[in-house]
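A.B. asks: Below is the structure I would like to discuss, written out as C-alpha cells.
None of the figures in this text is laboratory data; all of them are computed from the coordinates on show. Model, not experiment: these values are computed from the prediction. Cβ placement follows ideal geometry from the backbone for every residue including glycine, while neighbour counts extend to all protein chains displayed.
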Amino acid sequence: MPALPRLLALLLPALALAGCATPPPGAALPQEAFWQALTSHCGQSYTGALASNQAADADMAGQPMVMHVRSCNAARIEVPFHVRQADGTWDRSRTWVFTRTADGLRLKHDHRHADGSADVLTMYGGDTAAPGTGLAQDFPVDAESVALFLREDRAVSVTNVWRVEVDPAGTPGARFAYQLSRPSPDNRLFRVEFDATRPIDPPPAPWGW
C-alpha cells in the first residue's frame, strides 16, 4: 500500500474515535455542571453525619450535622455547616464559600466565633487544579492559605486537599459530601456526608451572618 493511503488508514479510526469523544454542542463543562448541581439545592437544608473514623474527630462521631445551601448567585454560593455538640448546643461557626475564578472554582472556609468575630484561621481553602467532574471537585490548598497556616503554627495543613461531591437535586439517592485529606505521613481524612433526598427546615443563620 502506498505511504499516504496507509497513513490515512491508520489515522481515520483514531479521528473517528476522537469525534465520538467530543462533547455535543451546548454540553456543560464539568465545573459548570458541578456549579449547576450545587445551585439546584439552593435554599435547601439536609442532615448528615461523620463518615470517616479518625481519632482526631472523635468529638463529632455520632453527632447530628446540618448543611444549608443558604445563598446562591451566578458568582457565589454559601453553604453553612452546623454541628451539634455533646452538650446539646450547636456549633454554627463554619460556612463553605464557593466562588468562580477566571480559571475554575474556589472553595474558602469562613470561620466565626459565636459573637460573629472572625476566627484567626478563616478564609483558607484552594482553587481547582483540574476540571474534575460534574459531580465532584478537588480544591488543593492555595498559597494564601499556606502562608496563613505557617503563620499560625499549622504547618501540618499545608498539603490539604478539599473535595466536594454533589448530586443534582431530584437524583435518586442524592447526597452531598465534604472531605478534607492530607497525604502521608499524616494520612488525614475527614469526611461528612448528607442525605440530599430529604430536605429539612433551614437552621438558624451561622454565627456572624
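A.B. asks: Only Lys, Arg, Asp and Glu count, each charged at its Cβ (+1, +1, -1, -1), so figure out the dipole size of segment 29-195 about its Cα centre, rounded to 20 debye.
C.D. replies: 160
A.B. asks: Next question. With the dipole of the chain worked out from charges on the C-beta (+1 for Lys and Arg, -1 for Asp and Glu) around the Cα centre, which of Ile77, Leu135, Ile200 lies farthest toward the positive end?
C.D. replies: Most positive-ward Cα: Leu135.
A.B. asks: Ordered by residue, what ³J(HN,Hα) values in Hz, to whole numbers, does segment 81-90 give under the Karplus form 6.51 cos²θ - 1.76 cosθ + 1.60, where θ = phi - 60° and Gly and Pro are x?
C.D. replies: 10, 10, 10, 7, 8, 4, 7, x, 7, 10
A.B. asks: In addition: State, to one decimal in nm, how far the label point of Cys42 lies from the label point of Trp209, with both points 7 Å from Cα in the Cβ direction.
C.D. replies: 1.4
A.B. asks: Short version: ³J(HN,Hα) in whole Hz for each residue of segment 151-158, in order, from phi by Karplus 6.51 cos²θ - 1.76 cosθ + 1.60 (θ = phi - 60°), x for Gly and Pro, what are they?
C.D. replies: Karplus values, whole Hz, x for Gly and Pro: 5, 9, 6, 10, 4, 4, 8, 6.
A.B. asks: Against the 2.2 N^0.38 Å scaling, with N counting residues, where does segment 29-195 land? I'd like the Cα-based Rg ratio to two decimal places.
C.D. replies: Here the answer is 1.00, to two decimals.
A.B. asks: Okay, helix-only estimate at 222 nm for the chain: each DSSP H run of n ≥ 4 adds -39500 (n - 2.57), divide by all residues, round to 500 deg cm²/dmol; what do you get?
C.D. replies: Mean residue ellipticity, 222 nm, calculated: -5500 deg cm²/dmol.
A.B. asks: Could you give the size of the charge dipole of segment 82-150 about its Cα centre, using +1 on the Cβ of each K and R and -1 on the Cβ of each D and E, expressed in debye and rounded to the nearest 20?
C.D. replies: Dipole size: approximately 200 debye.
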